[in-house]
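Some notes on the structure that comes next.
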Amino acid sequence: MGQYISKAQWATYEAQGYLHLGNVMDDGELEALQRRIDEIMLGTAPIDYDRVMMQLDSDPENSGKPGPQSKGHKYATLGYRKIQNLELDPLFLSFLQKPQFREICEHIYGKNTPVDCFRAMFMNKPAHDGTPLIWHQDRWTDLTLDPQITIWTALDPTSVENGCVKIIPGSHHRLINPEQGSGFLTEEHIETIVSQYKPIDLILEAGDSVLLHNWMLHSSDVNTTDIARRAFSVCYMHGDTRSLRGNTFTRVFGKGAVVHEAVA
Ligand SMILES: O=C(O)CCC(=O)C(=O)O
């Protein structure tokens, strides 16, 4: 039996494909992460920007649509949509290596199993902006093993109005589009999903995390409010996973795990 998650909670997760973890932040941690992500967007953070993927939500060079998912800082704005490789930042690395997240990874992948971070990603719906994310499952065909879980953490309170994540409980039991192999869904699949199932909204307080099975159907809409909807989403995978594209990953738990530097 784990220290953080009970047997009954694991049974719920297995049936439903998600589990509310509640508030996971230590004192001051939420403010520190909020401040750090804003500094990263504004270009003032002590991070190697050449290694960080940063995508604008509304790129003037792409007629106001999302920009390319490419490495490097574009310009100072809080209007980024997606930022990846946040394991390079000591604050975000320290957060994603929390003991309760280790316990979750041990339950999913086995005790003493090395675990890598497939992605440590900021997902933002800037105030009065944001890009709708259509229904999909998280699966990547270039990986030799399927990553099982994502822990999604709200850095701002989430609501229907600001583009909270919507999920369809129980949908994690099968891949919807196995022929295609990825989490990609056709318009037909989406129409069927929307007409047959009732999604639920993940309405959270800032600092709350939710454990999600990667095959959970999920989507999110735009933000119609004055305040950004910032979130940090970490996908953990078995350390034996290889990328057919030659991508390499950071070991976060188990032998050889990266140790975070003193947090500035
Ligand atoms: O934050 C969102 O709106 C969706 C994030 C997502 O798709 C993910 O974390 O896999």
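Readers should treat all values here as calculations from the given coordinates under stated rules, not as data from a laboratory. On a predicted model such as this, the values are computed, not experimentally measured, just so you know. For neighbour counting, all protein chains shown are included, and Cβ atoms are generated from backbone atoms with ideal geometry for every residue, glycine included.
The condition of being surrounded by 16 or more Cβ atoms within 10 Å (Cβ to Cβ), aliphatic (A, V, I, L, M) and in contact with a Gly (Cβ under 8 Å, 6 or more places away or on another chain) holds for Ile167. The residue list Ala228, Ala206 contains one member that is surrounded by 15 or more Cβ atoms within 10 Å (Cβ to Cβ), over 30 Å from Ala11 (Cβ atoms) and in contact with an Asp or Glu (Cβ under 7 Å, 6 or more places away or on another chain), which is Ala228.
Assess whether Val222 counts as being surrounded by fewer than 21 Cβ atoms within 10 Å (Cβ to Cβ), within 11 Å of the ligand (Cβ to nearest atom), not in a strand (DSSP E or B) and not polar (S, T, N, Q). Taking the combined requirement at face value, the residue satisfies it.
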